[in-house]
Structure formats: structure tokens, C-alpha cells
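The values are calculated or read from the model by the stated rules, or taken from the named source; none is laboratory data. In this text, all values refer to a predicted model and were calculated from it rather than measured experimentally. Glycine gets a Cβ as well: all are built from the backbone with ideal geometry, and neighbour counts include every protein chain shown.
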Amino acid sequence: MPDTHSNLLNEVRTLKEEIKQLKTRKKFGLVWEDKPEEVVELCKEKLPVLSEDKTRAIKGNNGPTNIFIEGDNYHALSVLNYTHQGKIDAIYIDPPYNTGARDWKYNNNYVDTSDSFRHSKWISFMYHRLLLARELLSKEGVICVTIDDNELPKLLLLMEEIFGEDKHLGTVVIRNNPKGRMTNKKFSLIHEYAVFFGKTSSSSIKKLPISPEDKTHNYQKAADGSWFLTVNLRKQGVDSTAYNKKGKLSERYFPIYFDPSNGQVSSVKKFEIEIWPVDQKGEKRIWRRGREAIDEMYSQGDLWVKQVSGKYQVYYKFRGGLEGQMPKSMWYDSKFSASEYGTNILDTIMGARETFQYPKSPYAVMESILAITNKKDAQILDFFAGSGTTAQAVIMLNKKDNGHRRFILCTNNENKIAEEVTYPRIKKVMEGVKGLEEITGAEANLRYLKTDFIDGIITDKNKKNLVNKSTEMLCLKEDCFDVVKKGQNFKIFNNNQGKNLGIIYDDTGIEPFKKEVQKLNKKVSTYVFSLDDSAREEEFEDIDSFVELRPIPTAILNVYRRIFK
Ligand SMILES: C[S@@+](CC[C@H](N)C(=O)[O-])C[C@H]1O[C@@H](n2cnc3c(N)ncnc32)[C@H](O)[C@@H]1O
């Protein structure tokens, strides 16, 4: 009897356990085989840091400092989780599309159609990077990921999982290949997609500015220099019918009087001819403006009557609409064509053909950035930079509207692309390219950083090592790269915006650093080596108005603990 009882109890326990597991099991969403990725696994033993290749720095006086990171983006994004958490306004990425045509590598091997884990590997690859990228976005930040039919459905589910279904701001269809891809059985594709997700519910797509000179909008310039559109005074579309749902006749349904002998117009009965807001089908509609506004517009010369197909039509000058429009979900313009504006522009810049396959059109990237943020000093990140189209797009946007946007680009050095294509392209665009009227050079700076590693076992010696190797990370975090003073175990940097950064690598650096700060007589953001979490405030009491103290490396290690678990 007691045996039966305890057996029963055991069974109940097992059942309860199974119910608990069933409750936590995924009910809906993407399921994939998480194949370990070497670059991710590496971070269990080594910690990523950055080192600068100073020979490749580009200095352009007062312009913003842009960053190029050569290395695997998993490592670059890990570092950025310390330096740029919550600071990025816009992420634009164009990852490998996993077409099966050996267009990307996983664990150093090309992935092709014979690989039965092809989709799982791609999802794992993207998952690890998107998780890190999400943390970098500001509260209003938005990410745009371009993709084609191969992985669109999986990408959408993955993004919903990471960002939340309600953060999906839309998926745009971009006509990137007007000639169409060669196919036998399937449709010939002329488009790809750009998927937009916001970080929080405060994120939104922004109105795209309208340039009245742009012929597609039909704006005309008035004698006083203002811009107007010629619009039919009769309303069309929603809420334009003369009778409302309850059958009441609108006050905006009335005749306008017209004298064809002299073109005079009035809302008051002065002339024989009556013009009613009735459309071509005989449907009664309403005027867009009331009587008073109509007479006012006529007296200003902004309203007139014209005969079209034997019928009198009233037109007026509409002076609004220039504040912008919400971007539409289909981008059809030829300027988005990758072959016409991607490859051709890149060939002209590089002075050589086919240095990179399938670069994007810079106009498609510019449009995506403008749809994400209207901040003229936005911080923009692209961690699948390829040939560097995003850098060019940022520079062109700044040129167009006098902006101060900055970019952080990252790409690996597969086929020497970072050294031989991305970096030279950025340099040439900053210098200006003959024959490309929109690329006339820019006042912009660039720092070339590479990912590096230190031993990840947390000992006092390794903590010291991390601090010694943290210089570039701190320069990146504080946006201060120019050395002002280099002493024994300390360094002071500044930037062209008047900001100062101090790094104290060892206790022996404290006193000489303090003397320099007093001489400098400026506020310095100061990182102090400390084995624990204290910033040694008591040692700086005499100069506390000059220093803002932060201990290192604990803050860096805390970020790495969180992301590498
Ligand atoms: C599709 S291309 C981007 C093209 C780019 N939008 C342009 O217009 O030139 C993707 C790029 O990401 C790089 N890439 C792929 N995996 C990477 C990784 N794990 N880390 C860094 N870059 C990577 C590839 O080398 C390739 O250059």
C-alpha cells in the first residue's frame, strides 16, 4: 500500500513537471537548430577589444568623426554594447541573402544549397547579431534590414521575436533590378525588401522631405518665390460627397459664379454662369474651401476658372504640403536600381570595374535613413557594410542638407574587401570624385579600428590587461581620439567639439594626471583603473570640479558578462 501511494505521488510529480514544461514551451514563432558559431563561441574564452590603425585615419577639420571597424560584426557589436548602448538612431544593414549561391560563410565555410542546415545557420547568425544590435538603438531608434524572397519570411518572424510584433513599422518593396533576374520557372524578380522595426513604441517612420524643385511633385514657383501646386477646387475621394451619411447636405455644396467675358469669379450671385462641384460622373461633391476663402483667393490672383473638355473647372494655388509626406511602401524610382546606381557609381569612384558585387544604390540607403530619422546629427550604424554604400549615403545626405550625421561601419575583410574596397571608397568620397557631381568632398573624419582580443579569464592580471587595451574603446565611447598629453600610465585626449577624455591605467598615473588636468583647466571625463568598482574619488577631491570619474574595467566586464553569459 505505501509503495502504491509513493508511486502515485511520483507520477503526480512527473505529470506536474511535464505540465510546467508544456506551459513554457514555445507555441508560435520561429524554431531553428542553433548550430554553434565559432566567432560566438570564441567569446567564452576571449574578450573583444579594438585597436586603431592610425595610418588610415582621415582628418577633415571640423566635420563629425566617423568610424570604420574591420572585423567580424559579432565582435564589433559586442564592443559597441559597451560604447554605444542606446545611442544609435538608425541601423541600416544589408546582410548576406542566403541565396544558396555560396554568398556567405558560417564557421569559415561557404553555405550553399547542399547544406541542410542552411536556413538554421542563417537564422542563428542573424539572431546573435540582431540581439546585440537592438541594445544599441536609442528609444526612438529604428533598424532597416534589406532582404529578398529567400529569407524574407524567416527574417520577419525573427525580427518579431527580437523586437516584438508591434514594433514592425513596415516592409518596403524596392525596385532594385528593373531589368529582372533571369529565371526559367519562377517570376523574374525586379524587387527586394527593406524591413523596418522600431526599438520601442516611441519609434516611428518619418515624413520624407519634399523638394519643390523635384519635377515629380509638379510644384511651380510663384513670382514672390513661394511654391504652389495647381489643385482642382472640387474635393475628391474620402469625405468629398455633398450628402453626409445621415443624408444632410454640406454647406460646401454651392455654386461659384463666373463671367467668361473677363474671367471674374465670385461666391456671390453676380454673374449668369453657375459652376457646381459636380464630378465627371455627375456625382455631387463639395468645394475644398468655403465662400470667404474662395473670394479671398480670387482677389489675390490665386483662384481661376478654366474650361476643360467643354466644362468649367475651378483651380487654385495650394501652398502647403512641403512639410513632407509619409514614405510609401513601394519604392519604384530608377534611382533605387542597384545595377544603374550601385555598380556604376562604385565603378566610377573606384576607377575600376566590379570591385564588389551587388552594391546598393546610395539613393536607396539615403531614402531609408530619411525614413528612419529626421535628426541631422543622427548616429547611423551599418554592420554589414560591404563596399561602404552607407558611408557614401551619409556623406551625400549631409552635403544636401548641411547635416552632421555620423556613421559607424563594420565589415569583415573577406577577399580583402575592407582594405581594398570599403576604406578606399570612403576616402575617395570624402575627398570628392571627378565626374560625380554629388560627390564633391566632405569635411569629415574617419578612424579605422580593428577587432582584437584579450584573455577572457577574469584575474587581476587580465583586468589590468583589459584596461591597457581599452584605449580605443574609450576613445570611441567618448568620441575623443586626438592625444593631448601622454604621460606615464595616463593619457589625455580631446576632440574638435571641445570634449576631453582621460585614461589612468595604473595608480602611479593618478598624480601626474592630476597635475596635467590642473594645467589644462578643463572638465575631463576620466576613466580610472580599479580592481573593484570604486573610482577612487578620495584621491581626486582636490580637483573634483575638473573630473567626472568612472572606474574601469568593471563596467566593460559587466556588459560582456551580460552578453556572453
Ligand atoms: C550584401 S553585402 C553588403 C553590401 C553593401 N550594402 C554595399 O552596398 O556594398 C554584405 C557584406 O557583409 C560582410 N559580412 C558578412 N558576414 C559578416 C560578418 N560576420 N561580419 C562582418 N561583415 C560580414 C560581407 O563581407 C559583405 O561584404
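General observations
- Residue that is small (G, A, S) and within 16 Å of the ligand (Cβ to nearest atom), where the choices are S387, S329: S387
- A residue that is within 16 Å of the ligand (Cβ to nearest atom), surrounded by 14 or more Cβ atoms within 10 Å (Cβ to Cβ), more than 20 Å from the chain's Cα centre (by Cα) and assigned to a helix (DSSP H, G or I) occurs nowhere in region 59-75.
- Residues satisfying the stated conditions in region 243-301, i.e. more than 18 Å from K311 (Cβ to Cβ), surrounded by fewer than 13 Cβ atoms within 10 Å (Cβ to Cβ) and basic (K, R): K245, K246, K248, K269, K270
- Per the conditions (1) out of contact with any helix residue (DSSP H, G or I) (no Cβ under 7 Å at 6 or more places or on another chain); (2) within 16 Å of the ligand (Cβ to nearest atom), the sole criterion not satisfied by Y106 is (1).
- Yes/no for N489 being surrounded by 15 or more Cβ atoms within 10 Å (Cβ to Cβ), polar (S, T, N, Q) and closer than 25 Å to L80 by Cβ: no
Residue-wise test of (1) within 16 Å of the ligand (Cβ to nearest atom); (2) of a type in the set (D, E).
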| residue | (1), (2) |
| --- | --- |
| I275 | no, no |
| E283 | no, yes |
| I286 | no, no |
| A293 | no, no |
| M297 | no, no |
| Q300 | no, no |
| G324 | no, no |
| T343 | yes, no |
| G351 | no, no |
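- Test: residue in region 93-106 that is at pLDDT below 95, farther than 17 Å from F384 by Cα and in a loop (DSSP other than H, G, I, E, B): yes
- Only one entry of E414, E367 meets the criterion of being closer than 22 Å to P48 by Cβ, among the acidic types (D, E), touching a residue at least 12 places away in the same chain (Cβ under 8 Å) and out of contact with any Asp or Glu (no Cβ under 6 Å at 6 or more places or on another chain), and that entry is E414.
- The residues of region 112-154 that are within 11 Å of the ligand (Cβ to nearest atom), closer than 25 Å to L42 by Cα and not aromatic (F, W, Y), listed by number, are M126, H128, R129.
- Across region 468-498, the number of residues qualifying as charged (D, E, K, R), closer than 16 Å to A57 by Cα and not in a strand (DSSP E or B) comes to 2.
- Within the option set R56, R25, being without any contact (Cβ under 8 Å) to a residue 12 or more places away in the chain, on the phi < 0 side of the Ramachandran plot and either polar (S, T, N, Q) or more than 16 Å from the ligand (Cβ to nearest atom) (or both) holds for one residue only, R25.
- Residues (more than 22 Å from K522 (Cβ to Cβ) and either touching a Gly at 6+ places or on another chain (Cβ under 8 Å) or of a type in the set (V, I, T) (or both)) located in region 457-499: I457, I458, T459, N462, V467
- Region 369-418: number of residues that are surrounded by fewer than 24 Cβ atoms within 10 Å (Cβ to Cβ), among the polar types (S, T, N, Q) and part of a helix (DSSP H, G or I): 2
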